[in-house]
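A.B. asks: Questions regarding the structure given below will be posed in turn.
The values are calculated or read from the model by the stated rules, or taken from the named source; none is laboratory data. These numbers were taken from a predicted model, which means no experiment stands behind them. Quick reminder, even Gly has a Cβ in these numbers, built from the backbone with ideal geometry, and neighbours come from all protein chains shown.
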Amino acid sequence: MKKAISFLGISELLILLTNLISFEFYINLQVAFMSAAFIMFGSMFAYKKMIQTQIDNNQIEEKRDLLDEIEDPHELYDETPLNEAPYEELDLREIVKEEKKKIKTFSLSSAKYGARGSVSAFRLVPYVFLVLGFIALKNNNVLDVPVYLGSLLPGMIIGYLSAKEILS
């Protein structure tokens, strides 16, 4: 926690020093930095909350290794035997029905599950701050796009490092 506060404190002091360069540079840097940092905080907190909810509800799904999924997406080279029966005794229709049951289809419940993490207030509020900050800078004729865009990267880095320290 102390490390996260020191990240934010030092970065805010450096941002405050840019006021000596010009107010426009300072305000663009401040709004973009805070927007990006809030987005990182919100995304990481929402993701952690979603994972914690899955763990609490025992909805943990065993997944294969990413490299294995890329090399063999349909499990053609899986070493576990599917059926030990001779070919003549296999009921192919039953096997096809079992395999079709394994395929996940798009449903309302799966859409609700995916939307739960992306429509979280912890994610939406920082994006609203980003958009409103951009609009406010534009309406007050102080928007400097290169400074604004360049300031998003440090905000993301400091936001990530601070959120990682706080949430771990």
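A.B. asks: Taking the conditions exactly as written (hydroxyl-bearing (Ser, Thr, Tyr) and modelled with pLDDT of 90 or more), does residue 35 satisfy them or not?
C.D. replies: On the way: hydroxyl-bearing (Ser, Thr, Tyr): yes; modelled with pLDDT of 90 or more: yes.
Yes: the conditions hold for residue 35.
Yes/no per residue for (1) among the aliphatic types (A, V, I, L, M); (2) assigned to a helix (DSSP H, G or I); (3) farther than 21 Å from residue 131 by Cα:
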| position | (1), (2), (3) |
| --- | --- |
| 4 | yes, yes, yes |
| 8 | yes, yes, yes |
| 28 | no, yes, no |
| 36 | yes, yes, no |
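A.B. asks: Would it be correct to say that residue 164 is at pLDDT below 90, among the charged types (D, E, K, R) and exposed (fewer than 11 other Cβ atoms within 10 Å of the Cβ)? Outline the logic, then answer.
C.D. replies: On the way: at pLDDT below 90: yes; among the charged types (D, E, K, R): yes; exposed (fewer than 11 other Cβ atoms within 10 Å of the Cβ): no.
Judged against the criteria, residue 164 is not a match.
A.B. asks: Just checking, which of 24, 69 is part of a helix (DSSP H, G or I), acidic (Asp, Glu) and either over 16 Å from residue 148 (Cα atoms) or in contact with a Cys (Cβ under 9 Å, 6 or more places away or on another chain) (or both)?
C.D. replies: On the way: 24 fails: either over 16 Å from residue 148 (Cα atoms) or in contact with a Cys (Cβ under 9 Å, 6 or more places away or on another chain) (or both).
69 is the lone residue from the list that is part of a helix (DSSP H, G or I), acidic (Asp, Glu) and either over 16 Å from residue 148 (Cα atoms) or in contact with a Cys (Cβ under 9 Å, 6 or more places away or on another chain) (or both).
A.B. asks: Step by step: first the residues of the stretch 19-59, then only those that are of a type in the set (Val, Ile, Thr) and crowded, with 19+ Cβ neighbours inside 10 Å, then the one that is farthest from residue 156 (Cα to Cα). Which residue is that? Before the answer, list the steps.
C.D. replies: We begin by selecting, within the stretch 19-59, every residue of a type in the set (Val, Ile, Thr); these are 21, 27, 31, 39, 51, 53, 55.
Okay, now just the ones that are also crowded, with 19+ Cβ neighbours inside 10 Å, so 27, 31, 39.
On the way: 27: 17, 31: 13, 39: 8 Å.
Checked the stretch 19-59; the qualifying residue farthest from residue 156 (Cα to Cα) is 27.
A.B. asks: Can you name the number of the only condition in (1) modelled with pLDDT of 75 or more; (2) under 30 Å from the mean Cα position of the chain (by Cα) that residue 108 fails?
C.D. replies: (1)
A.B. asks: Right, here's the next one. In the stretch 129-161, what residues are surrounded by 13 or more Cβ atoms within 10 Å (Cβ to Cβ), of a type in the set (Val, Ile, Thr) and assigned to a helix (DSSP H, G or I)?
C.D. replies: Taking the stretch 129-161 first, the residues surrounded by 13 or more Cβ atoms within 10 Å (Cβ to Cβ) are 129-130, 133-134, 136-137, 142-144, 147-148, 150-152, 154-161.
Adding the requirement that they be of a type in the set (Val, Ile, Thr) leaves 142, 147, 157-158.
Passing the criteria: 147, 157, 158.
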